[in-house]
Every structure is written in structure tokens, then in C-alpha cells.
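Quick note: the coordinates plus some simple rules give every number you see, no bench work behind them. Everything quoted here is computed from the prediction, not taken from an experiment. Heads up, the Cβs are rebuilt from the backbone with ideal geometry, glycines too, and the neighbour counts pull from every protein chain shown.
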Amino acid sequence: MEHYFTNNEDLKSEIRYIKYNYGDTSLTLASDNGVFAKDKIDYGSKFLIETFLKTSLIKKGDFLDLGCGYGFIGLTLKKMLDVNMTMVDVNKRAIHLTKMNLKSNNLVATVYLSDGFTNITDNFDVIITNPPIRVGKDILLRLLLDSVSHLKDKGELWFVIRKDQGAKSVMKILAEKYTCAVVAKSKGFYIIKVTN
Ligand SMILES: C[S@@+](CC[C@H](N)C(=O)[O-])C[C@H]1O[C@@H](n2cnc3c(N)ncnc32)[C@H](O)[C@@H]1O
């Protein structure tokens with residue numbers, strides 16, 4: 001079975017455009033077959049960045065959007081905050097779309113292909129992610145634990161996960177080593193902040 005995170009070179013391209021408005025900010029994003037939330041921005045991703053923008057005290061520095069898809073999270077934060085944004089994904093089509101979307105929205109970020117942290121050497125003030133769930137719990141936990149070890153001093157990992165996707169058990173494991181808090185809840189989605 002093909003998942004949105006696999007690289008299927010044969011998948012037909014059918015670009016479509018998605019609009020997002022938040023306050024005075026407006027973005028138009030190209031999306032395509034083979035990427036997550038291809039027709040509509042995901043509710044969890046929206047809830048994540050809107051909670052982050054309302055709550056986090058970190059408004060500048062080095063940010064990583066891990067598993068950027070077509071770029072919704074990183075582009076929105078880059079547009080609203082004066083940050084150095086890095087965006088990575090394992091999906092080649094997602095990387096291509098993110099680069100296109102940065103250009104069309106006149107934004108600049110560092111974008112590259114990476115399977116988890118394989119190609120990432122830097123540390124970050126904020127790592128933000130709507131993580132892949134279908135990869136399974138072991139890979140999900142590896143991505144989250146590796147994220148915490150790529151935080152700078154006083155850095156923050158922010159992620160969204162649904163209650164029925166195992167939010168509580170994931171939090172329990174992270175909380176064994178790190179400070180972990182549920183910052184907000186809505187419609188079964190939990191926004192979780194982790195600090196080391
Ligand atoms: C739930 S989607 C979120 C996409 C996008 N951030 C958004 O909010 O619409 C998770 C993303 O993680 C990517 N992904 C899956 N496994 C990955 C891995 N090992 N390393 C990096 N990215 C991965 C997928 O390709 C997908 O784009």
C-alpha cells in the first residue's frame with residue numbers, strides 16, 4: 001500500500017492550490033497527489049501553529065519544520081516570525097512543493113530531503129512537527145526523541161497528535177526523560193510541548 005510518505009515517481013501530478021488565512025496573514029500553497037493533506041490543510045497542523053503562535057515565548061532563532069509536506073507549518077511561521085527556518089521531509093514531491101511554495105510566497109528557508117535526522121547536523125531553538133503516524137510507533141518515537149536531542153539549550157519541541165493515535169502513551173515515554181506538557185486540546189487533538 002502506498003502512503004503519503006513514500007516516494008512514488010509514477011504518481012500522476014495534479015497540482016491544486018490551497019488558501020490559508022490567519023489574522024492578516026494569507027498564503028496560497030500548491031499541493032499535489034502523494035502528499036499529506038493534499039486537498040485541505042490538516043486541522044491538527046492549523047491547531048498546532050495557531051497554538052504555538054499564541055503560546056510560545058520563542059519568536060526568533062533557528063526553527064525546524066520536521067516532515068514539512070508542502071510546507072504549511074514552516075511557511076506560515078516564516079511569514080509571521082523573524083526566524084531562520086529549515087524544512088525537511090523524506091518525500092521528494094513534498095520537498096519540491098515546499099520549494100515552489102516558498103518562491104511563490106516570496107519567502108526564504110533552507111529545504112532538503114532527510115529521513116528523520118539523517119541529513120540534519122544543526123540544533124534548533126524550536127522543532128515543530130505534525131509527525132507521521134502511519135510509520136508506526138517505533139519510528140514516530142525515534143523522530144520525537146531525536147528531535148529533543150537536536151534542541152539547543154532552552155529549546156522546545158512542539159507536536160500535534162490525536163488522542164486515538166496514542167497521544168497519552170507517547171507522552172508517557174517522552175516524560176520519562178523530558179519535561180512534557182499538553183498545551184492545548186481540541187477535537188481529540190493534543191498539542192504537546194517537550195523541553196529537555
Ligand atoms: C502528518 S504529515 C505533516 C505534513 C505537513 N507538515 C503538514 O502539516 O501538512 C507528516 C510528514 O512527515 C513526512 N515524513 C514521514 N516519515 C518521515 C521521515 N522519516 N523523515 C522526515 N519526514 C518524514 C511525510 O512525508 C509527511 O509529509
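Structure summary
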{"item": "Counted residues, the stretch 12-60 - those being assigned to a loop (DSSP other than H, G, I, E, B), more than 11 Å from the ligand (Cβ to nearest atom) and among the aliphatic types (A, V, I, L, M)", "result": "3"}
{"item": "Candidates Asp82, Asp65, Asp39, Asp122, filtered to the one that is under 12 Å from the mean Cα position of the chain (by Cα) and acidic (Asp, Glu)", "result": "Asp65"}
{"item": "Some residue of the stretch 142-161 being under 30 Å from Asp10 (Cα atoms) and either touching a residue at least 24 places away in the same chain (Cβ under 8 Å) or in contact with a strand residue (DSSP E or B) (Cβ under 9 Å, 6 or more places away or on another chain) (or both)", "result": "yes"}
{"item": "Verdict on Asp115 being more than 13 Å from the ligand (Cβ to nearest atom), of a type in the set (D, E, K, R), under 29 Å from Lys163 (Cα atoms) and surrounded by fewer than 21 Cβ atoms within 10 Å (Cβ to Cβ)", "result": "no"}
{"item": "Residue within the stretch 81-90 that is part of a helix (DSSP H, G or I), closer than 18 Å to Tyr20 by Cβ and out of contact with any Ser or Thr (no Cβ under 7 Å at 6 or more places or on another chain) present", "result": "no"}
{"item": "Meets criteria (basic (Lys, Arg), over 17 Å from the mean Cα position of the chain (by Cα) and surrounded by fewer than 16 Cβ atoms within 10 Å (Cβ to Cβ)) for Lys92", "result": "no"}
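Listed here are the residues, each with its yes/no results for (1) buried (at least 20 other Cβ atoms within 10 Å of the Cβ); (2) under 13 Å from Ile192 (Cα atoms).
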{"position": "Ile133", "(1), (2)": "no, no"}
{"position": "Ile139", "(1), (2)": "no, no"}
{"position": "Arg142", "(1), (2)": "no, no"}
{"position": "Asp146", "(1), (2)": "no, no"}
{"position": "Ser149", "(1), (2)": "no, no"}
{"position": "Lys154", "(1), (2)": "no, no"}
{"position": "Trp158", "(1), (2)": "yes, yes"}
{"position": "Lys163", "(1), (2)": "no, yes"}
{"position": "Val170", "(1), (2)": "yes, yes"}
